[in-house]
1. Of all residues in segment B:160-206 being away from every other protein chain (no Cβ under 14 Å) and outside any helix (DSSP H, G or I), which is most open to solvent (accessible area, probe 1.4 Å)?
2. Scan segment B:12-43 for residues that are part of a helix (DSSP H, G or I) and over 38 Å from the mean Cα position of the chain (by Cα) and report the count.
3. Check B:ALA101, B:ALA111, B:ALA115 and return the single one that is of a type outside the set (Lys, Arg), assigned by TED's automatic domain parsing to the domain that holds B:ILE256, more than 20 Å from A:LEU103 (Cα to Cα) and without any contact (Cβ under 8 Å) to a residue 24 or more places away in the chain.
4. Would it be correct to say that B:ARG109 is of a type outside the set (A, V, I, L, M, F, W, C), more than 14 Å from every other protein chain (Cβ to nearest Cβ), within 30 Å of B:PHE317 (Cβ to Cβ) and open to solvent by 90 Å² or more (accessible area, probe 1.4 Å)?
5. If you check B:LEU251 against the conditions, is it of a type outside the set (Phe, Trp, Tyr), in a helix (DSSP H, G or I), assigned by TED's automatic domain parsing to the domain that holds B:CYS99 and modelled with pLDDT of 85 or more?
6. Here are some residues: B:PHE68, B:PHE21. Which one is more than 30 Å from B:ILE258 (Cβ to Cβ), of a type in the set (Phe, Trp, Tyr), away from chain A (no Cβ under 14 Å) and out of contact with any His (no Cβ under 7 Å at 6 or more places or on another chain)?
7. Return a yes/no flag: does segment B:314-329 have any residue that is crowded, with 17+ Cβ neighbours inside 10 Å, under 26 Å from A:ALA38 (Cβ atoms) and β-branched (Val, Ile, Thr).
Amino acid sequence: MEYFLQQLINGITLGSVYALIALGYTMVYGIIQLINFAHGEFFAAGGYVGVIFMSYLLSQGAPAWVCLSGSLILAMAYCAMLAVAVEKVAYKPLRNSSRLSVLLSALGMSIFLQNGLMLTQGVYDKAYPTELTQGGFEMGNVMLSYMQLFIVSLTAFLLVALNVLVFKTRIGKAMRSTAQDKVMSALVGINANRTISITFAIGAALAAAAGIMVGLYYGSVRYDMGFVPGIKAFAAAVLGGIGNITGAMIGGFIIGMVEIFAAGYISGEYKDVFAFVILIAVLYFRPSGIMGENVDDTRV
Amino acid sequence: MTIPEFKKHWTSLGIGMVWLFILLWPLLGIKPEGLEVASTFNVWWRIALGCSFLLFLYQLNKAGAFKFISRPAGAVAGSMKSATSMVPMAVWFVIGIACTALIPQFAGRYAQDVAINCMIYVCLGLGLNIVVGLAGMLDLGYIAFYGIGAYTYALLSVQFQLSFWICLPISAGMAGLGAWLIGYCSMRMRGDYLAIVTLGFAEICRMVLNNWMSLTNGPNGVTGIKAPGLYWFDFTNGMTLEHIWLKKLSLIYYVILILVVFTIIAVYRLQHSRIGRAWEAIREDETAAEVMGVPTFYMKLLAYCSGACFGGMAGAFYAARMRFVSPESFTFLESAMVLSMVVLGGMGSIPGVILGALALIALPEIFREFELYRMLVFGGVMTLMMLFRPQGMLPSKRTMRSGKD
């Protein structure tokens with residue numbers, strides 16, 4: 001039972017990370033029907049920029065909460081800018097060409113960004129400062145570290161903020177209407193290009209937050225760390241019903257949970273396989289996902 | 001080119017460069033020891049200068065400043081094109097093969113190694129070309145079949161001492177079988193969903209290879225694979241023929257050359273058959289093809305399997321040549337590499353894919369001092385290619401009308 005509870009806590013922590021990344025995929029897919037391969041790289045870049053700002057702030061003698069929140073905000077802003085740049089350069093000119101071209105362009109961008117990170121930051125792991133978030137609550141043998149508490153509460157805050165943004169503000173309304181029909185929303189005066197840029201920026205900012213969380217949780221970041229979590233988060237987005245924001249959150253938590261429990265109870269070596277198996281099974285049996293509407297026949 | 005357009009270009013370039021500086025600075029300039037701008041600026045001004053120069057050239061070209069060069073150059077290119085198209089493709093093919101066959105007699109060992117590598121990738125590219133270029137299905141997990149082929153030969157050779165020539169068709173068959181299993185589950189999907197599912201399958205394959213210790217020896221790989229041979233002698237040793245006129249390594253070189261020739265002929269024949277036309281019909285419009293009576297599901301499955309067979313064949317050769325395989329060689333990056341060969345060269349065009357393989361394997365060998373930047377350039381070129389020339393370097397000619405059936 002204690003083992004189960006511990007795994008549950010770990011699963012929720014990992015699930016928050018996947019949920020945050022999955023949101024970026026699902027929002028971008030919802031609005032321009034593109035699998036943004038570079039999204040995993042936004043996540044990695046967020047982790048890197050986070051550690052860069054964090055170590056700088058620490059060395060300047062800033063208190064812990066300033067380090068954490070400052071690096072978080074700066075990394076989110078950075079990734080938002082990066083995403084806007086990538087969108088303008090690699091995706092916007094291809095808006096009317098075939099889906100294969102855009103997908104390949106995204107793949108190229110992903111390789112480009114990954115290697116850009118490698119060239120500027122080196123091939124080795126970069127360590128996060130560990131002294132900021134040590135300790136935790138212990139209940140018997142179950143351990144809830146401050147880090148996990150921080151990750152889960154920050155995720156909850158970001159998810160609520162995103163929901164407010166998408167469902168209560170004008171920008172959110174513009175995003176939803178552009179996702180439904182680009183031409184029609186352009187006719188009523190919504191700037192589609194700007195809305196798409198904003199969507200990319202928000203998605204990448206969430207991914208950056210996830211990158212910092214992963215960096216803090218595992219203690220280090222690596223230039224190629226974006227690939228596997230990226231695919232898993234995509235699996236989460238598909239599981240929840242691609243294009244559906246609530247679905248992506250639920251899907252993220254399910255994938256995180258499944259991975260942790262599978263690693264704990266079935267096989268640690270094959271833990272990465274389960275996310276792929278879920279992805280394939282969902283696409284095969286219920287392509288619209290848990291929350292999604294029916295998918296049109298151009299995709300499945 | 002009007003003045004407002006001119007201004008607009010330079011303003012957007014300016015904004016872009018400021019943006020780039022902000023993006024570069026945290027990565028290069030912010031360190032725990034302090035902030036500095038010099039190293040970022042050092043990188044940035046080169047990029048900025050290069051981009052400004054390119055924009056300048058582009059505007060000059062738009063304004064017609066290069067007409068005095070481009071017009072005669074275009075005329076020369078046009079007449080050369082018409083001259084080359086007079087010679088049938090088969091003649092070019094034979095000339096190309098003859099030249100390739102002569103390489104080991106003149107080049108050193110290093111050049112031969114590069115050439116062998118190139119030819120392995122030509123096989124892979126042509127196999128993937130069937131799936132992506134002809135049938136129009138985006139496959140991001142093609143390298144899995146290369147891996148299956150390589151491991152099939154490796155294990156059969158190490159465990160049962162079977163010869164390369166027996167294992168070659170078995171490897172191709174195993175890869176085809178694997179593709180059949182995967183394809184049967186995923187051929188209902190289209191476009192990007194298919195892409196992500198094939199990627200998932202390839203990753204599963206790699207993880208199985210990595211973790212199934214008792215069969216594949218896990219991350220340590222399989223060693224002691226036999227090189228291709230004929231009854232009593234190994235091709236690597238070259239036997240005494242070396243003293244007559246053949247150099248040592250070249251026998252294995254000719255094995256892959258034969259495989260490449262076989263692949264080219266097979267793919268060409270497939271492309272110009274009824275099946276090939278069905279694939280192209282599916283690529284152009286799947287629903288219309290279905291309506292016209294093409295059994296799309298089986299045709300797609302067939303494309304997927306036959307593509308995989310060539311991958312498996314190349315894999316068997318790879319294992320025989322390296323005499324060692326490990327899961328490290330079959331990562332997603334390799335898939336992306338083969339895919340970009342097909343895309344850069346021109347989807348659906350055999351000469352295009354060959355050119356793509358040359359460009360991606362041989363060119364980096366020439367610019368070895370920039371080895372670090374290889375993948376960076378490669379990713380950038382992939383995006384730029386999609387922006388400026390999505391049809392590839394040597395696009396395939398669309399068949400307008402041919403055949404009787």
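1. Only one residue fits best here, namely B:GLN161.
2. Qualifying residue count for the region: 1.
3. After ruling out the rest, the residue left standing is B:ALA111.
4. yes
5. Details: of a type outside the set (Phe, Trp, Tyr): yes; in a helix (DSSP H, G or I): yes; assigned by TED's automatic domain parsing to the domain that holds B:CYS99: yes; modelled with pLDDT of 85 or more: no.
Considered against the rule, which asks whether it is of a type outside the set (Phe, Trp, Tyr), in a helix (DSSP H, G or I), assigned by TED's automatic domain parsing to the domain that holds B:CYS99 and modelled with pLDDT of 85 or more, B:LEU251 comes out as no.
6. B:PHE68
7. So far as segment B:314-329 goes, no, none of its residues is crowded, with 17+ Cβ neighbours inside 10 Å, under 26 Å from A:ALA38 (Cβ atoms) and β-branched (Val, Ile, Thr).
Yes or no, residue by residue, for (1) among the charged types (D, E, K, R); (2) within 12 Å of chain A (Cβ to nearest Cβ):
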{"site": "B:ARG323", "(1), (2)": "yes, no"}
{"site": "B:PRO351", "(1), (2)": "no, no"}
{"site": "B:ILE354", "(1), (2)": "no, no"}
{"site": "B:LEU363", "(1), (2)": "no, no"}
{"site": "B:GLU371", "(1), (2)": "yes, yes"}
{"site": "B:MET375", "(1), (2)": "no, yes"}
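The values are calculated or read from the model by the stated rules, or taken from the named source; none is laboratory data. This one's a predicted model, so the numbers in the text were calculated from it and none came from an experiment. Every residue, glycine as well, gets a Cβ built from its backbone with ideal geometry; the counts of neighbours run over all protein chains shown. Just the protein is used for accessible areas: all its heavy atoms, side chains included, with ligands, DNA and RNA removed. Shrake-Rupley method; radii C 1.70, N 1.55, O 1.52, S 1.80 Å.
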